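The values are calculated or read from the model by the stated rules, or taken from the named source; none is laboratory data. Treat the numbers as computed from the prediction; the structure is a model and nothing was measured. Cβ atoms come from the backbone with ideal geometry, glycine included; neighbour counts cover every protein chain shown.
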Amino acid sequence: MDVLEECHNRLARLLGENSEPLEVLRCAEAHRAYWRPPRIRILLLAESHIYTAFSEMDRQVILQNHMDTDMPRGFVRLVYCLGYGENNLLNKPIREPSNSGTPKYWKILYSCVNRVSSNEDFIPILKSYTAFEERIRNKIALLKRLKEAGIWLLDASLAALYPKPVPTLVESCLQVSWDAYVSQIVRTTRPSSIICIGKGVFRFLHTRLCDIGIPVFVIPQPNSRLSSLEHLKNYQQYHDIICQSCRL
């Protein structure tokens, strides 16, 4: 039994029937690994991916018209999976639950290497404004730029925490994932800084994050109940922190 499987088994005991198959976690890890920089300078620590049903595992990402044909093809509801939110990239579309993707996280990724001044700056990666082929090219270019800059997104929980369980269960899943799997990645890669996406991630892992001795910044979740202006300031904060930490 490998470390990922052992962590999955511990999480499955917590989540019961709401636990995903191990294959989903392996698929998510494959996508993360593909976009992992050789040297991680800034670690974006999110909460988790979105629950992905076993019935969705037969979907494949089709990229024959793009150069990056060696990237993972499995489907998982994770921002690094290009088929999440892009039914036209899948061999079979997903209708229910909706394959709506996570545009707010694409905005976070975009903000890391572009200092935005208005919501219009996000147009190149948004479905409502940019045609499919161009949008996919822009997304791939953005992921490449992040990889080159040493910026990587990692989930603090290996198990999906959306839809949201009760807070005590969220805390347990985050702490089990950290202790059994995630902390080893962080300690091995030693990023210059960690940006926690969401106050809950920092609150539940506060002691553990302090123990590793790496500067930690906290920015509210992009789905927090904030004004449009406040969200824009948060997106700008990503770029400012990264510039300060890495002098990009």
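Go through the stretch 100-121 and give me each residue that's assigned to a helix (DSSP H, G or I) and over 18 Å from the mean Cα position of the chain (by Cα). Asn119, Glu120, Asp121, listed by residue number.
Among the residues making up the stretch 165-201, those that are surrounded by 14 or more Cβ atoms within 10 Å (Cβ to Cβ), closer than 19 Å to Ser224 by Cβ and over 16 Å from the mean Cα position of the chain (by Cα) are Pro165, Val170, Glu171. Restricting attention to the stretch 78-116, the residues that are in contact (Cβ under 8 Å) with a residue 40 or more places away in the chain and out of contact with any helix residue (DSSP H, G or I) (no Cβ under 8 Å at 6 or more places or on another chain) total 3.
Answer yes or no: is there a residue in the stretch 50-72 that is in a helix (DSSP H, G or I), within 25 Å of Leu146 (Cα to Cα) and under 18 Å from the mean Cα position of the chain (by Cα). Taking every residue of the stretch 50-72 in turn, none turns out to be in a helix (DSSP H, G or I), within 25 Å of Leu146 (Cα to Cα) and under 18 Å from the mean Cα position of the chain (by Cα).
Among the residues in the stretch 127-140, are any surrounded by fewer than 16 Cβ atoms within 10 Å (Cβ to Cβ), within 28 Å of Arg39 (Cβ to Cβ) and modelled with pLDDT of 95 or more? No, there is no match, as no residue in the stretch 127-140 is surrounded by fewer than 16 Cβ atoms within 10 Å (Cβ to Cβ), within 28 Å of Arg39 (Cβ to Cβ) and modelled with pLDDT of 95 or more. For the stretch 225-235, the condition of being of a type in the set (Lys, Arg), in a helix (DSSP H, G or I) and closer than 21 Å to Ser48 by Cβ holds for none of the residues.
Checking the condition in contact with a Pro (Cβ under 8 Å, 6 or more places away or on another chain) and not in a strand (DSSP E or B), which residue from Cys210, Cys173 passes?
Among Cys210, Cys173, only Cys173 is in contact with a Pro (Cβ under 8 Å, 6 or more places away or on another chain) and not in a strand (DSSP E or B).
Taking the criterion of being charged (D, E, K, R) and at positive phi, the only residue of the stretch 198-248 that qualifies is Arg247.
Among the residues of the stretch 29-54, those identified as in contact with a Gly (Cβ under 9 Å, 6 or more places away or on another chain) and under 21 Å from Pro97 (Cβ atoms) are His31, Ala46, Glu47. Residue count for the stretch 171-201 under the criterion of being without any contact (Cβ under 8 Å) to a residue 60 or more places away in the chain and under 18 Å from Asn223 (Cβ atoms): the result is 1. Filtering the stretch 150-167 for residues that are farther than 23 Å from Cys81 by Cβ and in a helix (DSSP H, G or I) leaves a non-empty set.
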